[in-house]
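Student: One structure follows; several queries about it will come next.
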Amino acid sequence: VSKVYVDMGDWVKAGRPLAQLDATLLRAQIAGKQAVVTQQALAAERAESQAKNVEGLDNKGVLSQEDIDTRRYQAKSARAAAVAAQAQLDDLKTRQARMTLRAPVAGPVLARYVRPGDLPSGASAGQPLFRIARDGLMEIDAEVPESDLSKLKAGLKAEVTLPDGTKTTGTIRLISPEVDQ
């Protein structure tokens, strides 16, 4: 990670950059592949020019049919190699575009688990790099007595008193199907 653009408490819009991964090696690979694309395009032009020079010479006896067919094959092969090199360059450029981690949703950043210099291996291990509350929505995992459970249904309004004494209202999203013993 080369840069982190947000911190806990920041409100982000969907698509906003959160962090930048170091793309130094990728930039070098792109430069090298760009040179290969240029070489392949020039080789394809040359082979196509040579194939064009033998147009109309079939069965004329000026060149053997094998030589004519070889030039045509080389032109097609060189063009295919140029297309393949361009596809590899496009793949590298796509990877480069993904080196910027962006917010998938809008909301406040609840937690940031990454710092500049870190390897983002947590993401591949299933660990988040950031935690964002979608649209600022919060979820509370509440417990109620078993006797009150039958009065609750998903979609009903609920009022919750937070530890600091403030009250907030919300909607019951889910009732757990299992009762905690």
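The values are calculated or read from the model by the stated rules, or taken from the named source; none is laboratory data. All values derive from a computational prediction rather than experimental measurement. All Cβ positions, even for glycine, are placed from backbone atoms using ideal geometry, and neighbour counts span all protein chains on display. Only protein heavy atoms, including side chains, enter the accessible area calculation; ligands, DNA and RNA are left aside. Shrake-Rupley method; radii C 1.70, N 1.55, O 1.52, S 1.80 Å.
Student: So what J values fall out for the range 13-20 if you push phi through Karplus, 6.51 cos²θ - 1.76 cosθ + 1.60 with θ = phi - 60°, rounded to Hz, Gly and Pro as x?
Tutor: 8, 4, x, 5, x, 9, 7, 10
Student: Would you list, by chain and number, the lysines whose Cα falls below 23 Å from the Cα of Lys93, excluding same-chain residues fewer than 8 positions away?
Tutor: Within the straight-line limit of under 23 Å, Lys93 reaches these lysines: Lys3, Lys33.
Student: Can you list, bin by bin at 5 Å, the percent of alpha carbon pairs in the chain, starting at 0?
Tutor: Calculated P(r), rounded to whole percents: 1, 7, 10, 9, 9, 8, 8, 8, 6, 6, 5, 5, 5, 4, 3, 3, 2, 1, 1, 0, 0.
Student: Still on this structure: Amide H neighbours of Phe130 under 5 Å, at least 5 residues apart or on other chains, H built in the peptide plane: list them.
Tutor: Amide H to amide H, under 5 Å and 5 or more residues apart or across chains, Phe130 pairs with Tyr113.
Student: Moving on. Of the residues Val144, Val105, Val36, which exhibits the maximal mean-square fluctuation in a Gaussian network model of the chain defined by a 10 Å Cα contact cut-off?
Tutor: Val144
Student: Further question: Please return the longest stretch of the chain lacking exposed loop sites, where GluC sites (Glu not before Pro) count only if DSSP places them in a loop and at most 11 other Cβ atoms lie within 10 Å.
Tutor: 56-138
Student: When the chain is treated as a GNM, springs tying every alpha-carbon pair under 10 Å, which of Gln50, Gln86, Gln20 comes out with the largest mean-square fluctuation?
Tutor: Of the options given, Gln50 has the highest mean-square fluctuation.
Student: Can you give the charge dipole size of the chain about its Cα centre, rounded to the nearest 20 debye, using +1 on the beta carbon of Lys and Arg and -1 on the beta carbon of Asp and Glu?
Tutor: Result for the chain is approximately 740 debye, rounded to the nearest 20.
Student: Another one. Hey, can you grab everything whose amide H is under 5 Å from the amide H of Leu18? Only 5+ residues off in sequence or another chain; H modelled, so Pro and N-termini drop out.
Tutor: Leu101, Arg102, Ala103
Student: Another one. Mind jotting down the distance between the C-alpha centroids of the range 1-25 and the range 62-132, whole Å?
Tutor: 20
Student: Using a 1.4 Å probe on the protein chains only, how many percent of the accessible area of the range 1-91 belongs to carbon and sulfur?
Tutor: That fraction is 53 percent.
Student: Let me ask something else about it. Select from Ala142, Ala51, Ala82 the residue whose mean-square fluctuation is largest in a Gaussian network model of the chain (Cα-Cα springs shorter than 10 Å).
Tutor: Looking only at Ala142, Ala51, Ala82, the largest GNM fluctuation is found for Ala142.
Student: Any idea what angle helix 65-97 forms with the longest principal axis of the chain, computed on alpha-carbon atoms, 0 to 90 degrees, nearest 10?
Tutor: For helix 65-97, the angle is close to 20 degrees.
Student: Relative to the longest principal axis of the chain, what angle (0 to 90°, nearest 10) does the C-alpha long axis of helix 24-53 take?
Tutor: Rounded to the nearest ten degrees, it is 30.
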